Every structure is written in C-alpha cells, then in structure tokens.
Amino acid sequence: MQNLIMFVIGLGLLFAICVPNAFAVFHREDFLITNIGVSNGVPFMELQGQPGRSFSVSGGDESYYAYTFVTNNGIFAASVALDEDGNKPYYSADHFDIKKFQIGECVNHKDATGEPKFSGKKAEYVPKQTVITNVSKAYTLQIIADDPDDDCETGEHIYKIFSTK
C-alpha cells in the first residue's frame, strides 16, 4: 500500500511539472537571423533554428512572436501566437506601423493582405497585393498587448528584440 501511495504521489508530481509546459515551446535559435532577402517578390529570413516552431502559452493571447521585414512598401510580419483553444500555435500575417524598433515602442496595425509561410529554416511573408522588391532590415520580436491608451491605441508594444539583420 505504501508503494502505491508513493507511486501515485510521484506520478502526480511528474504530471504537475510536465503538463503545464507541454505546449510551451521556446528555442532561442528559432529567432536568430542568419540571412535576409527577397525571392520573386517574397521577403524571407533564414534562421539558425526553425521559425514558427516556438510559441508561448505563458503570454496567452497577450503575447506573440513576429518575424518582421522592413521593406520598400512597409513593415510586414509572419507571426506566431497561441490559438484560441490555448494549446497550439496560430500563424498570421501582419502589416505594422512601427516608428522605431526599440523595447516599449508602440505597434500599430494596417491591413495585411499576405500570408505567413514557415518551412525548414525560413520564415516568409507572402504578399497578395503588395509588390515587394527590397528588404532593408529584418527583426525577430516578441510583442505584448496591454490596455490601449493615448500614446498607443492598440496597447501593443515591442517587449523583446531577439535578433536583427
């Protein structure tokens, strides 16, 4: 009987430690940019790891990761957040209005007509209407949402800049 109780306690501890982190995936190398460019009008970045693989459950719907491209026609991103059910990644495309890339900077949005694409070590923003011919800079960011205010109507701010090229 004592062995059974110890087994149940041990199993309970293992469950308590592992399950909350089962879907929280973070690999630093997924955010380290090695190369940027444009191929057939599609901005891309290559990373050391696998972009789109990492996502956070700790931030819930108030945090997401953005593979961001500064292009000749604006700032676009392929983004990764937690889905509505709270257990797997959700991929989206963004068109940002960011004045300066720094911690705490407000992130406003414009209409994004493209699609995100993640494959192997490459993250891409695939435009549908916008013609992109140049990527001058790329960033991997964590963006958090807070309450909107007079200074930032979306309430979204750059929380972390992982890498830039």
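Would you check if there is a residue in region 137-152 being modelled with pLDDT of 95 or more, closer than 17 Å to GLY74 by Cα and open to solvent by 50 Å² or more (accessible area, probe 1.4 Å)?
Yes: one or more hits.
Residue pairs, Cβ under 9 Å, 6 or more apart or interchain, first in region 127-156 and among the charged types (D, E, K, R), second open to solvent by 30 Å² or more (accessible area, probe 1.4 Å) and outside any strand (DSSP E or B). List them.
So the pair list comes out as LYS128/THR113; LYS137/PHE101; LYS137/LYS165; ASP146/GLU62; GLU156/ASP146; GLU156/PRO148.
May I ask you to verify whether SER92 is modelled with pLDDT under 90 and closer than 13 Å to ILE143 by Cβ?
So SER92 fails the test.
Evaluate region 45-67: report whether one residue or more is among the aliphatic types (A, V, I, L, M), at pLDDT below 95 and open to solvent by less than 40 Å² (accessible area, probe 1.4 Å).
So in region 45-67, the residues among the aliphatic types (A, V, I, L, M) come out as 45, 47, 57, 66.
Imposing the further condition that a residue be at pLDDT below 95 reduces the set to 57.
Now drop any that are not open to solvent by less than 40 Å² (accessible area, probe 1.4 Å), which leaves none.
No, the conditions are met nowhere in region 45-67.
Could you pull out the residue among ILE98, ILE132, ILE75, ILE103 that is buried (at least 17 other Cβ atoms within 10 Å of the Cβ), farther than 20 Å from GLY37 by Cβ and aliphatic (A, V, I, L, M)?
Among ILE98, ILE132, ILE75, ILE103, only ILE98 is buried (at least 17 other Cβ atoms within 10 Å of the Cβ), farther than 20 Å from GLY37 by Cβ and aliphatic (A, V, I, L, M).
Among the residues of region 100-129, how many are among the hydroxyl-bearing types (Ser, Thr, Tyr) and modelled with pLDDT under 95? Full working, then the answer.
Step one: list which residues in region 100-129 are among the hydroxyl-bearing types (Ser, Thr, Tyr), which gives 113, 119, 125.
If we keep only those that are modelled with pLDDT under 95 too, we end up with 113.
Within region 100-129, residues that are among the hydroxyl-bearing types (Ser, Thr, Tyr) and modelled with pLDDT under 95 number 1.
Give me the pairs, please: first residue somewhere in region 93-112 and free of Cβ contacts under 8 Å to residues at least 12 places away in the same chain, second residue anywhere and open to solvent by less than 40 Å² (accessible area, probe 1.4 Å) and in a strand (DSSP E or B), beta-carbon distance under 8 Å, and either six or more positions apart or on two chains.
LYS99/CYS106
Where residues in region 21-36 are at pLDDT below 95 and among the aliphatic types (A, V, I, L, M), which of them is most open to solvent (accessible area, probe 1.4 Å)?
So the residue we want is ALA22.
What about ILE103, is it in a loop (DSSP other than H, G, I, E, B) and touching a Gly at 6+ places or on another chain (Cβ under 6 Å)?
Details: in a loop (DSSP other than H, G, I, E, B): yes; touching a Gly at 6+ places or on another chain (Cβ under 6 Å): no.
The answer is no for ILE103.
The values are calculated or read from the model by the stated rules, or taken from the named source; none is laboratory data. A quick note: this is a predicted structure, and the numbers were derived from the prediction, not measured. Quick reminder, even Gly has a Cβ in these numbers, built from the backbone with ideal geometry, and neighbours come from all protein chains shown. In case anyone asks, the SASA skips ligands and DNA or RNA and just uses the protein heavy atoms, side chains included. Shrake-Rupley method; radii C 1.70, N 1.55, O 1.52, S 1.80 Å.
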